[in-house]
Amino acid sequence: MTGGLNVKSIKLQILVATGAFVCTGAFADGTGVRDPGVRQGAAGAGQAIPGLRGYETDYFKAGLEDFSQAETLAEGLGPRFNLDGCAGCHAAPAIGGTSPAVNPQVTVATAFGARNTLPSFIRSDGPVREARFKFTSSGQRDGGVHALFVISGRNDGSANASGCRIQQDDFDRQLSRNNAIFRIPTPVFGAGLIELIPDSVILANLNADSAAKSQLGISGRANRSGNDGTVTRFGWKAQNKSLMVFSGEAYNVEMGISNEAFQSEREENPGCQLAQLPNDISALDGGTGVESVSGVEKFSFFMRFLAAPTPAINSAGGATSIANGHSAFVSAGCAQCHTPTLLTGNAGVPALTNQKVNLFSDLGLHRMGPGLADNILQGAAAGDEFRTAPLWGVGQRIFFLHDGRTKDLLQAIQAHASNGNSQFGPSEANKVVDQFNNLPSRSRQDVLNFLRSL
C-alpha cells in the first residue's frame, strides 16, 4: 500500500456501494498484524460526568429515561422513520454509544403489523444505518436522509396506522444508480465536553504545527454555521453546532417526531398524522423544571452530562504495548488530525468548566479522497470531507467508518488512503497511512492495541 487503491480495496468499494458488504472477520496485513477486536470487560461508559450538582443529575436521569424509551404512534412516531428510539441506535457498549452487534432495525421493520420490506443494506449482523441520496430524480443535489420505514399498517395499541398508505422509497433503484450512501450513528459519550471547547481552541489547534502538517499533506479546516460563522462540531461532517440542534434534528429525521426545534412534519400526508403537531413540545404547566422540558431538551441534557469513555489501563497486548502504540501513533502522524486532548472553557456547569477533553480529534474537516467520499454536502463540507472522528471509546466500538463498512480497525486505517480521481483529490491521510505501513510489524500491532485500549 503506497497511498493508492489496491485491487482488494477497489472490490471492497464496489461491495459497499451496493450495500452488500460488512467486513466481519479479522483482517491481517500478511505479517500477522491484526485488530485484537472489541475490548471485553466493563463498558467504562454510560455514566454521568463526575461532579454534577444534584439538580443536574436529575436532568441527566430524566434524559436517560427518555433516551431509552421506544416511541409509539401516539407519541408521533413516523410517518417515516429509521428506528423507534434513540437507545436502539446508540447502544454499544452502553446507552449513548453506537451500533450494537444485533441491528434492531431488522425487527422494527415489521413490528406491530407494519408492512415494510427490509432494504438489502440492513442486516441483523450489520450496523444501524440511515440512507441519504446524492441527487434527486431531476439531477439536483439531494443529500438528505431518506427514512427506511413507514408506519403504514402498524398498530401498536396506542394508535392504528391502517389508514396510512404511504410507501417506502425504492432503495434498490437508488443503489443500482449508485445514488445511495449510508451513515451509522456517532457515539455521544462526552458530547457536553465537545460542545464547550471554544472555537478559538479548535482553530488554534487546526493551525498549529503547520509545517509538519503541510509536509504530510494535511490541511484541514473548520466547518462553520451559515448564520453566525461559529465552528460547528457534531455529526459526520461536523454540520451541527449544538446538542440541542443535534437532538431536535435526530428526533425529527430518525424517528419522524416533529418538535420545537423542527416543527414541520417531513411527511404531511393527513392519513398518517396520528398525534398532535408538533409531536413533542414543552409541558409549560409541568410541576417541576424536569417535568416541563421537552424530549429534545431532555436528550440534550443527557448527552451534555454524559461522561467521556474511560480507557483501559491494561488490555490487549498489555500496558507496555499500549504505551508503545501511543508513541507510534504520534510518530506516524496520526495525532496531527486525531488530536489527543483539547480543553473546554468557561461554562455554566462547573463540572464542564476548564476540563481536559481526551477525544483524539481536531473536530476539523479533512479531505479523505474518493475511497471514502460520499458526495454529500453539509454546511461547508464538500463531498470528500469528513470530521476527524473522535477515537475515545474506539476500543469497544463494533463498526467503523461513516458507513460501517468494516468491523476491523486495520481495514479502517487502510481505507483512509486513496489517490485522487477526476472528481476528488487525494486523501490527506495518504502519507500518514504510508508511515503507519512502514512501521515494523510489532509497532503496527502496538498501535492497534493502543486504539483498542481507548
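A few remarks follow.
- Test for residue 326: is it touching a residue at least 60 places away in the same chain (Cβ under 8 Å) and in contact with a Cys (Cβ under 7 Å, 6 or more places away or on another chain): no
- In the range 378-404, the residues that are under 14 Å from residue 184 (Cα atoms) reach residues that are modelled with pLDDT under 95 with C-beta atoms within less than 8 angstrom, at least six apart or across chains, in these pairs: 399/22; 403/16; 404/22.
- Against the conditions (1) open to solvent by less than 70 Å² (accessible area, probe 1.4 Å); (2) farther than 21 Å from residue 358 by Cα, residue 332 satisfies every one except (2).
- Of all the numbered requirements in (1) farther than 29 Å from residue 154 by Cα; (2) open to solvent by 40 Å² or more (accessible area, probe 1.4 Å), residue 43 misses one, and that requirement is (2).
- Pick from the range 51-92, criterion of a type in the set (Lys, Arg) and farther than 28 Å from residue 267 by Cα, ranking: surrounded by the most Cβ atoms within 10 Å (Cβ to Cβ): 61
- Residue list for the range 397-454, filter: of a type in the set (Asp, Glu), part of a helix (DSSP H, G or I) and open to solvent by less than 20 Å² (accessible area, probe 1.4 Å): 446
- Members of the range 293-308 found to be open to solvent by less than 10 Å² (accessible area, probe 1.4 Å) and either in a helix (DSSP H, G or I) or not aromatic (Phe, Trp, Tyr) (or both), listed by number: 294, 295, 296, 299, 300, 302, 303, 306
- Counted as qualifying within the range 122-225 are the helices (runs of 4 or more DSSP H) with 3 or more residues that are among the hydrophobic types (A, V, I, L, M, F, W, C) and within 20 Å of the chain's Cα centre (by Cα), namely 191-195.
- Selection from the range 113-150 of residues that are touching a residue at least 24 places away in the same chain (Cβ under 8 Å), under 26 Å from residue 96 (Cα atoms) and hydrophobic (A, V, I, L, M, F, W, C): 121, 122, 128, 131, 145, 147, 148, 149, 150
The values are calculated or read from the model by the stated rules, or taken from the named source; none is laboratory data. Keep in mind that what you see is a predicted model, and the values were worked out from it rather than measured. We place every Cβ from the backbone using ideal geometry, glycine too, and count neighbours over all the protein chains shown. Protein only, heavy atoms only, side chains kept; ligands, DNA and RNA dropped before computing areas. Shrake-Rupley method; radii C 1.70, N 1.55, O 1.52, S 1.80 Å.
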